[in-house]
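Notes for the one structure printed next.
The values are calculated or read from the model by the stated rules, or taken from the named source; none is laboratory data. Small disclaimer: the values here were computed from a predicted structure and weren't measured. Cβ placement follows ideal geometry from the backbone for every residue including glycine, while neighbour counts extend to all protein chains displayed. All accessible areas refer to the heavy atoms of the entire protein, side chains included, with ligands and DNA or RNA removed. Shrake-Rupley method; radii C 1.70, N 1.55, O 1.52, S 1.80 Å.
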Amino acid sequence: MHFSPTIFERIARARSDLRMGLPVVLVDEHGAGAVVLAAETLQVERWTQLKSDFDTLHLAVTQRRAETLKARAYDHDLARILVPSDVDVDWVRSVANPADDLRSPMKGPLRSERYGSATAHRAAIGLCKAARLLPAAVVTETQNAQAFVEAHDLTALPLAEVIGNMMHRTVLEDIVSANLPLMVSPNGRIHVFRPEDGNEEHYAVEIGRPARTKPVLARLHSACFTGDLLGSLKCDCGPQLRGALSQMGEANSGVLLYLNQEGRGIGLANKMRAYALQDQGFDTVEANHRLGFEDDERDFRLGADILRNMGFSEVRLLTNNPAKVAMMEQCGIRVVERVPLQVGKNHFNENYLATKAEKSGHFL
């Protein structure tokens, strides 16, 4: 019994399966199930078998992607597109991925399912997002889920628990901390936090030894491989990271939370897809929507949990983003001051920054 995987471990396994192109099965309380494959990693052999074994296939996409496709989202937050019997894998991928939308805009006409439950489809999209894949999944029903799972040695998940987990706030464990002298301060310390759901670890960079009884100068910084490491001029992330650490170094006090939520929470591959769409003339928000994502998919609650874990309850928050301030307050971390961090503007990212101000309300 104690060796059996928990729901968090099963979902982590399912994320890996979907990334590899394997199906997973979502089982309802009656023993029926939904077979789910990620559209992005769909393989020809499995697609051929799927069409041979099942009469009705749905391609579940988010309402954002449905808007671009002119497909009816009868379920409000998603659309269950009926897959025509004569289409191939390339059709599925082209509907899920907007890369060629401008070159080949006619995907349909697309018909959406109007009746029946969309719960499994909603869970399927959530799993694809958690796996950092495009938020689109092929879904079909099987009446005897357990037999299907055993016949094909697949991962099975209780549907109700998957839906509940989508609303769950993962617990972060403080794994280790160690001193690390930095260019901005010789008094640096790194803390590593690991979530129980098996997702990416997050880090806290502590400068000096800030008092836990006073507001600490803090920043919630989302990982940005292109900006932080490569010095990309398309965003202001690198200058914000270095600027925040510099201010903390000058004060010899502060905490920078480095959250592994690349691309506003959609992952590096999808971020690069968004960049490619920006090359076609779309702004940051429009590109995310065409991919099927919201403006911002990050979970800032993680930052509040790390701060609380480290013993802080009040912050002077280095940010231009009002959403971060609001989430800290909602999570019980008092923001006594919003400290502006307006750095890194250049002619390559002027439109990007203007979009953040206009559509996301950033103070720039």
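Side notes on the structure shown:
- On a per residue basis, segment 1-153 carries 52 Å² of accessible surface, using protein heavy atoms and a 1.4 Å probe.
- Label-point separation in nm, SER104 to GLN330, each point 7 Å along Cα→Cβ: 4.0 nm
- Under 26 Å of direct C-alpha separation, and excluding same-chain neighbours fewer than eight residues apart, LYS214 reaches these lysines: LYS324.
- Centre separation in Å (Cα based) which lies between segment 51-90 and segment 261-306: 22 Å
- To put it simply, the accessible area of the chain at a 1.4 Å probe is 52 percent carbon and sulfur.
- Cβ-defined net charge surrounding GLY243, 10 Å radius [Lys, Arg +1; Asp, Glu -1]: +1
- Beta bridges by DSSP in the chain, antiparallel share as percent, to the nearest 5: 70 percent
- Seen from a random direction on average, the alpha-carbon convex hull of the chain projects onto 19.7 square nanometres.
- Whole-number accessible area per residue in Å² for segment 182-313, which is evaluated in the context of all protein chains at 1.4 Å: 39 Å²
- Fraction of antiparallel bridges per DSSP, segment 211-360 only, in percent to nearest 5: 0 percent
- Hits among aspartates and glutamates - C-alpha to C-alpha of LYS356 under 18 Å, sequence gap 8 or more where chains match: ASP236, GLU262, ASP279, ASP283, GLU286, GLU294, ASP295, ASP296, GLU297, ASP299
- Order by protection proxy (mean Cβ within 10 Å, highest first), peptides 168-181, 329-342, 242-255, 110-123: 242-255, 110-123, 329-342, 168-181
- Surface exposure of segment 322-364, expressed per residue as accessible area with a 1.4 Å probe, stands at 59 Å².
- Other residues within the sphere of radius under 9 Å centred on the Cβ of LEU69, judged by their own Cβ, net out at +1 (K and R +1, D and E -1).
- Net charge dipole size for the chain [Lys, Arg +1 and Asp, Glu -1 on Cβ; Debye, nearest 20]: 1060 debye
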